[in-house]
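Quick notes on the structure that follows.
The values are calculated or read from the model by the stated rules, or taken from the named source; none is laboratory data. Please read all numbers here as calculations on a predicted model, not as lab measurements. Please note: Cβ atoms are built from the backbone with ideal geometry, for glycine as well, and neighbour counts cover all protein chains shown. To get the accessible areas, we keep the full protein, side chains included, count just its heavy atoms, and leave off ligands, DNA and RNA. Shrake-Rupley method; radii C 1.70, N 1.55, O 1.52, S 1.80 Å.
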Amino acid sequence: MRSLLLTSIAFSLAVSAFAADDYKLGPDSEKQVGVPQGIITAHKWSGKVFPGTERDYWLYVPAQYDGKTPACVMVFQDGNGYQNPTGGFRVPVVLDNLIHRKEVPVIIGIFINPGNVPAQGKGQGRSNRSFEYDTVSPQYATFLEKEILPAVSKDYKLRTDAAGRGIGGISSGGICAFVAAWERPDLFSKVLSHVGSFTNIQGGDIIPGMIRKTERKPIRTWLQEGSNDLDNLHGSWPLANLQMAASLKFMKYDYRFEFGDGGHNGKQGGATMPEALRWLWKDTPPAQ
C-alpha cells in the first residue's frame, strides 16, 4: 500500500512538473484575416533626466488612429520584448485585434528599452536598467513626462488625462511601472506587471507596506506571478507579489492577481495579455 502511495505521489509530481509553465498564446495574439494592422516605427533617444544614456524605443500606431482624436497611450518597459510581433507578448498584434473589435479604445503603444551608458575610451559600456527600473523614486515618471511623452506628442495627439494612460513591464520593468503610477497617479491610472521585482534589488520590498499606509490612489493594477519564480539574495518573487496582492486587497484597490505555476519569464503574461488589456482598459471614459 505504501509503495502504491509513493508511486502515486511521484506520478503526480511528474505530471505537475511537466504541466508547469505550459502556457500557450491564444487567437487574440495571432494576426487575423481582415483585421487592420498598425504601424511600428523604431526610434532612438538620449536625454537629460538620465544623463549620459542612450536607448531605443518603438511606437505602435493603430490603423484606427485618425490624427484628430487624442489617442489613449500605454508605455511598456523592456519595450523590444513587448513590441516584437513574433515574440511572447506580441502587444501590437493583440492591440490590432482588440481595437478592431472595440474591446479596448484606440491606443498608441510606446515601447521603451532601458538606457545604456556608452563605453568611454577603453572602458566598457553599462546598462542603466536596474537604476532606472528598480529605484523607488519619481525619476522614471519624470523621464516619461518631460521627455518621451512630449517627443511622441509632437507627431501624434495623445490623451493627457490619467484615465487615458497605462504603463506596464516585466520583472524590474513591472516594479518600474507600478512605481511610476504610484508616484504620479495624475499621469498613469493603469498598471500591468508581469513577474514584477517587488524585492530588495534597490529597496522595492518596501512597496507593500507603503500601499497599506497611504491613502488609496486611483490606480487599477493587474499583477501576474508564478509559484516557480525567483528566490535569491534579493528576496522571493512569489512572496513579494503575494504581499503586493494582499496589500492591494487590504486597501480595496481595483486589482487582479493572476498567480500561476510559471517561472521568471513572460509565458503566462503573454498568454493572458489579451485578457489583461481588456480588463485594464474596460470602462475607459472618453477624453474630456
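Brief remarks follow.
- Residue 256 open to solvent by 10 Å² or more (accessible area, probe 1.4 Å), within 20 Å of residue 89 (Cα to Cα) and in contact with a helix residue (DSSP H, G or I) (Cβ under 8 Å, 6 or more places away or on another chain): yes
- Checked against (1) in contact (Cβ under 8 Å) with a residue 60 or more places away in the chain; (2) farther than 21 Å from residue 81 by Cα; (3) of a type outside the set (Phe, Trp, Tyr); (4) open to solvent by less than 10 Å² (accessible area, probe 1.4 Å), residue 270 passes all but condition (2).
- The residues on offer are 130, 137, and the sole one that is open to solvent by less than 70 Å² (accessible area, probe 1.4 Å), in a loop (DSSP other than H, G, I, E, B) and of a type in the set (S, T, N, Q) is 137.
- The sole residue among 280, 242, 248, 233 that is out of contact with any Gly (no Cβ under 7 Å at 6 or more places or on another chain), within 29 Å of residue 149 (Cα to Cα) and not polar (S, T, N, Q) is 248.
- Look at (1) farther than 19 Å from residue 167 by Cβ; (2) of a type in the set (Phe, Trp, Tyr); (3) open to solvent by less than 50 Å² (accessible area, probe 1.4 Å) and you find that residue 279 fails only one, number (1).
- Any chance residue 284 is closer than 24 Å to residue 98 by Cβ, touching a Cys at 6+ places or on another chain (Cβ under 7 Å) and not basic (Lys, Arg): yes
- Residues in region 100-118 that are within 19 Å of residue 63 (Cα to Cα) and in contact (Cβ under 8 Å) with a residue 40 or more places away in the chain: 100, 103, 104, 105, 106, 107, 108, 109, 110, 111.
- A Cβ distance below 6 Å, combined with a sequence gap of six or more or placement on separate chains, defines the contacts here; from region 191-217, residues that are closer than 16 Å to residue 259 by Cβ reach residues that are open to solvent by less than 50 Å² (accessible area, probe 1.4 Å) and of a type in the set (Asp, Glu) in the pairs 195/225; 195/229.
- Selection from region 105-127 of residues that are open to solvent by 10 Å² or more (accessible area, probe 1.4 Å) and not small (Gly, Ala, Ser): 105, 106, 113, 114, 116, 117, 118, 120, 122, 124, 126
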